[in-house]
Amino acid sequence: MPPDRIVIATGNPHKVEELRAMLALPGVGFLGLGDLPGAFAEPAETGATFLANATIKALSYAAQTGLPCLADDSGLEVDALGGAPGVISSHYSTDGVEAGMGRAERDAANNARLLRELAGVPPEQRTARFVCQMVLAAPPLRGGALWAPSSSTEPPLSPRFLTGPDLTIRHTDLLPHWEKGGHTYFITFCLENGTLTEAERAIALDACLHWHPERIRLHLVVVMPDHVHMLFTPVEVCAGRWPSLPWLMQSIKSFSSREINRLHGRSGKVWQDEYRDEIIRDREEYFAKLEYTGLNPVRAGLAEDWLAYRWMGGEEVERAREAAGRLGGIGERRPGRRGGGPECPAPEEADRGIERGESILATSRGTFEGRIGLAGEVPRGENGFGYDPLFLIAPKFVRTSAELGAGEKNRLSHRGAAAALMLEQLRRMSAG
């Protein structure tokens with residue numbers, strides 16, 4: 001079944017009403033952020049694609065409101081400009097930077113830049129489209145964990161959580177390190193300077209995977225350009241004895257440092273001396289760390305889905321990739337899901353998303369095709385904003401989208417197309 005209440009990720013009441021009409025479905029109520037008590041933090045839209053930004057917003061507001069959230073991201077793609085303005089459509093004139101301009105001033109500056117960059121491009125090569133990407137996300141389950149438990153009382157990989165007071169505390173010049181044999185750790189260590197190349201990231205990943213599964217059960221590791229996150233549980237090597245944390249970290253860091261230096265025929269320091277470690281206290285914290293680690297490259301704009309990032313490894317990756325094969329190669333997945341459920345499910349999978357407890361329940365994408373008119377022929381029209389007065393509607397390329405009436409524009413628009421596809425998925429959930 002679909003959720004009975006869905007938050008639309010906007011405080012604009014006109015947009016809420018517009019989407020409420022487009023997505024009308026018996027038994028489902030749509031709310032705007034302004035309909036809920038309290039204030040909500042606006043997430044930074046750091047994604048490199050419309051899908052990434054819509055996902056960031058949907059997940060953030062679902063977590064803040066505790067309700068399923070529908071978010072969208074949209075903009076203009078011009079083929080002659082390689083897809084620009086793209087995700088910076090709203091701030092194209094300032095290269096994506098908020099400059100404090102009012103809406104009318106900003107629209108005029110964006111339009112002027114677009115026409116200037118298309119100067120000399122013939123009409124048939126000025127093809128473009130408005131794109132709208134929608135994402136429906138569920139709120140975190142069970143105290144923040146984005147994993148839906150099965151009948152088992154333990155997570156899929158059975159990490160060991162902190163119990164009792166018998167901790168070993170190792171002091172260094174900078175940080176204390178807390179250790180308890182055989183318990184699950186979240187570790188972060190950072191590059192001394194600069195960023196890792198792709199080849200260097202591969203070396204670091206190999207070093208992290210080296211002791212799995214003989215000395216550690218590596219649940220998840222991600223090698224970012226300037227730091228590494230690891231979530232692992234040491235394996236008991238004999239009765240009551242486990243590899244020590246300092247030994248493990250020294251082994252991983254020294255081996256990778258040596259191999260990275262050997263790659264370049266040099267010597268010197270690669271990693272910072274210290275590392276940060278946390279003992280995982282309970283299942284909620286485990287899945288929160290799993291989620292944080294897996295989505296690091298997505299939130300940094302390095303990948304659109306976590307399994308597409310090459311410098312990721314561990315049992316969670318193996319499990320999700322196996323599940324991806326069983327589901328016919330759906331690749332966009334989030335860590336920590338029962339069965340490796342899809343982040344961006346195909347339509348036939350979306351209607352089973354709630355039952356699987358996935359965070360991303362459905363996605364849809366709509367486009368509005370046309371081309372950018374020639375300077376002097378455009379801008380035209382009073383019924384639009386942004387790039388509407390420049391955008392000639394396919395297939396005749398006679399009217400701009402700013403010359404359409406509200407009803408016709410909603411029917412033809414990218415947002416209308418994305419909403420229609422989203423409504424189909426909500427109906428399938430309802431039918432199921």
Query raised in the report: Being part of a strand (DSSP E or B), in the same structural domain as Y292 (by TED's automatic domain parsing) and of a type in the set (A, V, I, L, M, F, W, C), is that true of even one residue in the stretch 251-273?
Result: yes
Report task. State whether one or more residues within the stretch 180-197 are under 22 Å from W306 (Cα atoms), assigned to a strand (DSSP E or B) and among the β-branched types (V, I, T). Result -> yes
Query - Matching residues in the stretch 44-70 - criterion: being touching a Leu at 6+ places or on another chain (Cβ under 8 Å) and modelled with pLDDT of 90 or more - result: A58, Y61, P68, C69, L70
Report summary line: Of the listed residues (L426, L412, L374), the one being over 19 Å from G86 (Cβ atoms), surrounded by fewer than 21 Cβ atoms within 10 Å (Cβ to Cβ) and modelled with pLDDT under 95 is L412
Query raised in the report: For the stretch 363-418, what are the residues that are under 17 Å from E18 (Cα atoms) and part of a loop (DSSP other than H, G, I, E, B)?
Result: N383, G384, F385, L404, G405, S413
Query - Top-ranked residue in the stretch 276-329 [being at positive phi and modelled with pLDDT of 85 or more; ranked as nearest to the chain's Cα centre (by Cα)] - result: G301
Query - Subset of the stretch 407-432 that is touching a Pro at 6+ places or on another chain (Cβ under 7 Å) and of a type in the set (A, V, I, L, M, F, W, C) - its residue that is nearest to R365 (Cα to Cα) - result: L426
**Report entry** Residue selected from the stretch 198-224 under the condition modelled with pLDDT of 95 or more and among the β-branched types (V, I, T), by the criterion farthest from the chain's Cα centre (by Cα)
**Finding:** I203
Requested in this report: Being touching a residue at least 40 places away in the same chain (Cβ under 8 Å) and surrounded by fewer than 15 Cβ atoms within 10 Å (Cβ to Cβ) narrows it down to one of L245, L263, L290, L295, so name that one.
Outcome: L263
Query raised in the report: D35 versus (1) over 30 Å from I393 (Cβ atoms); (2) surrounded by 19 or more Cβ atoms within 10 Å (Cβ to Cβ); (3) of a type in the set (D, E, K, R): which is the lone unmet condition?
Result: (2)
Report summary line: By my count, strands (runs of 3 or more DSSP E) wholly in the stretch 1-78 with at least 2 residues that are within 18 Å of the chain's Cα centre (by Cα) and touching a residue at least 12 places away in the same chain (Cβ under 8 Å) are 69-78
Query raised in the report: Going by the structure shown, is L114 part of a strand (DSSP E or B) and either at pLDDT 95 or above or surrounded by 15 or more Cβ atoms within 10 Å (Cβ to Cβ) (or both)?
Result: no
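The values are calculated or read from the model by the stated rules, or taken from the named source; none is laboratory data. No experiment lies behind these values; they were computed from the predicted model shown. Here Cβ is always computed from backbone atoms with ideal geometry, including for glycine, and neighbour counts include all displayed protein chains.
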